[in-house]
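Working notes for the structure below.
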Amino acid sequence: MKIIVDANIVFSGILNSNGKIGDLLINSKNHFNFIAPEFLRYEIKDKYSKLRSIAGISIEQIMEAEYQVCKDVTFISEEQIGQKFWKEAYDLVNDIDTKDIQYVAYARQFKCKIWSGDKKLFKGLKAKGFVNIITTNDLFELRNNRLK
């Protein structure tokens with residue numbers, strides 16, 4: 001099952017790789033195919049000092065956590081997303097948060113779910129009938145059910 005990983009999920013995983021989100025990202029290769037927009041790589045590097053400040057650890061430790069959290073994430077170039085999907089995504093998020101347009105466009109293109117901790121995005125999309133979004137708890141339960 002393909003799952004689009006939102007930036008807030010990756011940042012949470014980097015900050016606490018031993019938590020539920022870190023566990024899902026690091027230990028779910030046999031259950032989920034995580035994908036993310038290519039720009040997320042740059043966004044992570046741009047936030048190194050902020051992550052270091054929040055976590056109180058070295059840049060090297062941030063880089064190691066990033067490696068562990070992202071090693072099973074496939075980063076896909078934004079150019080691979082069709083114009084029609086960008087338009088549909090914009091129409092869905094323009095009154096929620098346009099910074100999330102890429103996740104919705106990817107979900108449309110690849111017919112998969114967005115994994116996000118963004119409650120505003122979750123509620124806004126659900127209110128518009130968009131159901132391809134999943135919470136951490138739901139994903140954790142889905143993986144654990146597959147382990148049984």
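Readers should treat all values here as calculations from the given coordinates under stated rules, not as data from a laboratory. Please read these numbers as outputs of a predicted model, since none were measured by experiment. Ideal geometry is used to build each Cβ from the backbone, glycine not excepted, and the neighbour counts take in all protein chains shown.
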Most exposed first, judged by fewest Cβ atoms within 10 angstrom, Asp138, Asp23 run Asp138, Asp23
Kirkwood Rh, Cα atoms: Rg over Rh of the chain = 0.96
Among Ile44, Ile4, which comes first, second and so on when ranked by fewest other beta-carbon atoms within 10 Å?
-> Ile44, Ile4
Non-local amide H neighbours of Phe34 (under 5 Å, H modeled in plane, Pro and chain starts lacking H): which ones?
-> Ile3, Thr74
